[in-house]
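Worksheet for the structure shown next.
Just so it is clear, none of the values below were taken in a lab; they were calculated from the coordinates. These numbers come from a predicted model, not from an experiment. Neighbour counts run over all protein chains shown; Cβ positions are idealised from the backbone, glycine included.
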Ligand code: SIN
Ligand code: FE2
């Protein structure tokens, strides 16, 4: 009989309490200005056109969008047809602290989860460069986050992500299936309207060649982290 291996994928990093409360509030102010220019909209599933329960926007040169025609990155907001606003400098700092990748991120997807929103298991694979990790930051209500393996039916682990937590999906975990099972309403007072914001920073095109920067970021000793 062939034994199924359930070893956790390497390259998954959880930084609990990465952003302290003042930094969360500061990031939120920057996001409010981004969302005033690029409002949240309801994306739709490819083919079926079914609406997502999560509302989305982006900042940075490229934004991830989904509609009947499929998933893709594009430079313009699908409803306003205007360029995505620039990434707030704080997001670039977060990337340089956590990504361990020399080239800057090109897209920041902003997901807003109301109390009943969730996100099904999926892989982030619309990018040309899987050498760069995906760096994610959570604000607002706690959620139950699920991470599995490279196949949809591989064993998955679920853990809570709270306001200020950061997750890095790099290395083997870069293509791990992941999703959000549920939100726990009322667990944070950061967003007066309640709900959860998740920011995912990504490199979309291939970096200029500098690639993984092992001297900084993910391995920096001052960054609180643990392998999970
Ligand atoms: C995503 O995978 O796009 C979002 C993950 C999250 O909301 O934590
Ligand atoms: Fe994702």
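Taking the centroid of alpha carbons for each part, the range 22-83 and the range 115-161 are 17 Å apart.
With each label modelled as a point 7 angstrom along the Cα→C-beta vector, the residue 122-residue 33 pair spans 2.9 nm.
With a Förster radius of 35 Å applied to the C-beta separation of residue 181 and residue 206, the computed FRET efficiency comes to 0.60. Comparing 132, 176, 81 in a Gaussian network model of the chain where C-alpha atoms under 10 Å apart are linked, the largest mean-square fluctuation is found at 81.
With both labels modelled 7 Å from their Cα along Cα-to-Cβ, the residue 66 to residue 151 distance reads 2.3 nm. Take the Cα of residue 81, step 7 Å toward its Cβ, do the same at residue 47, and the gap between the two points is 3.0 nm. Here the gap between residue 144 and residue 40, fully extended at 0.36 nm per residue and compared with their Cα-Cα distance, gives a gain of 35.2 nm. Taking a ≥ b ≥ c as the square roots of the Cα gyration tensor eigenvalues, the range 1-155 comes out oblate, since a/c reaches at least 1.5 and a/b does not exceed b/c. Please find the FRET efficiency linking residue 189 to residue 16, where r is the Cβ-Cβ separation and R0 is fixed at 22 Å, and quote it to the nearest 0.05. FRET efficiency, residue 189 to residue 16: 0.75.
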